[in-house]
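Structure record follows, encoded as C-alpha cells.
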Amino acid sequence: AFTRAGIKVLPHIINGAIFTSAFSATNSFLFCGSRILYGLSVRGQAPKIFSYCTKAGLPIVAVLGTSCFAFLSFMNTATSSEQVFNWFVNLTTIAGFFTWGTINLTFIFFYRGKRAQGFDRTKSAYYSVLQPYLAYWGVFWCVTFILVNGYAVFFDFNVSDFLVAYVNIPIFLVTYFAYKFIKRTRFWKPHEMDFVTGIPTMEETELPEEPPRTFLQKVAAVVF
C-alpha cells in the first residue's frame, strides 16, 4: 500500500519493525522452549541428555535441540512443502493456546490451595487484586480460540484441514491422562497441596534490591 502511494522509506521501516518483532519472538520462544525441555528432563519426563548444562549453567543440549526446529521454516520457500509448513504453524499456534490455558488453570488450582490452607495472598511475591478473575478470563479465551480456530473447515470440509485444526485436542487429552495412568499420579485436593517443602525463600532466590540513584534509574523504576 505504501509503495503504491509512492512512499519509498516507510515500507523498509515497517519491514524492519516486523523483522525485529520476529527476532524478539524467536529469542523468547527459544528461551522458553529450551527451559521447558530442560525442566522436563530434570523431572524424568524427557531424555536425560537434555538436562546437561555448561559450567555457566546454560542447558546447551536443550537449546540446540530446540533450535533444530527453526530449520523447518525453510519449508516455506518451496511450493511443494508450503502446505505442510502451514500445518506446523497451525499446530504450534494451538499448542500455544493450550500452554497459556494450562498456565491459567494451574494458577486457579494454586489459588484454591492457598485459600484452603489460609495463606495470605498479599504476602506473595506476585500479587494482583484482579486474580483469580484474570485466570478465569484467560482460560475462557484460550478454550474459545482452540474451539473456533478451525471454524472455516465446517463451511468447506476436508479431512486434512480438520485434523490440523483440532488434532491437538485429543493429543493433549491422551498424553495428559496417559501420563496420569502410567505414573499412577493422583489429583491433589486443595488442602493437600504442599507450598512449603523444597520451596526456597525470597532471600535465597533474589538479589538484594538496590534503590535507584540516577535520574534515568528513577524514571525506569517508576515506568517498569
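The values are calculated or read from the model by the stated rules, or taken from the named source; none is laboratory data. Model, not experiment: these values are computed from the prediction. Please note: Cβ atoms are built from the backbone with ideal geometry, for glycine as well, and neighbour counts cover all protein chains shown. All accessible areas refer to the heavy atoms of the entire protein, side chains included, with ligands and DNA or RNA removed. Shrake-Rupley method; radii C 1.70, N 1.55, O 1.52, S 1.80 Å.
For the chain, the spread of Cα coordinates along the three principal axes comes to 60, 57, 41 Å, biggest extent given first.
Using alpha-carbon pairs under 8 Å, 6+ residues apart, how would you state the relative contact order of the chain in percent? Walk me through the numbers on the way to the answer.
Values: 126 pairs, mean separation 31.0, N = 224.
Contact order relative to length: 14 percent.
Gain on full extension, evaluated as 0.36 nm per residue between Phe69 and Ile13 minus their Cα-Cα distance, stands at 17.3 nm. Between the C-alpha center of segment 169-185 and that of segment 54-123 there is a gap of 18 Å.
Shape summary: segment 1-73 maps onto an equivalent ellipsoid whose semi-axes, from the alpha-carbon gyration tensor, are 39, 11, 9 Å in decreasing order. Convex hull of alpha carbon positions in segment 163-224: directionally averaged projected area 9.7 nm².
Accessible area of the chain with a 1.4 Å probe: how many percent of it is carbon plus sulfur? Write down the numbers at each step before the final one.
Numbers: 12250 of 17740 Å².
Carbon plus sulfur share of accessible area: 69 percent.
The mean accessible area for residues of the chain, using a 1.4 Å probe and ignoring ligands and nucleic acids, is 79 Å² per residue.
Rank-order 51-60, 7-16, 198-207 by packing density, defined as the average count of other C-beta atoms within 10 Å over each peptide's residues, highest first. Write down the numbers at each step before the final one.
Values: 51-60: 12.1, 7-16: 10.5, 198-207: 7.7.
Answer by packing, highest mean first, reads 51-60, 7-16, 198-207.
Along each principal axis, taking the top coordinate minus the bottom one, the Cα set of segment 80-156 gives 58, 24, 17 Å in descending order.
Along its principal axes, segment 92-224 has C-alpha extents of 62, 43, 23 angstrom, given from the largest down.
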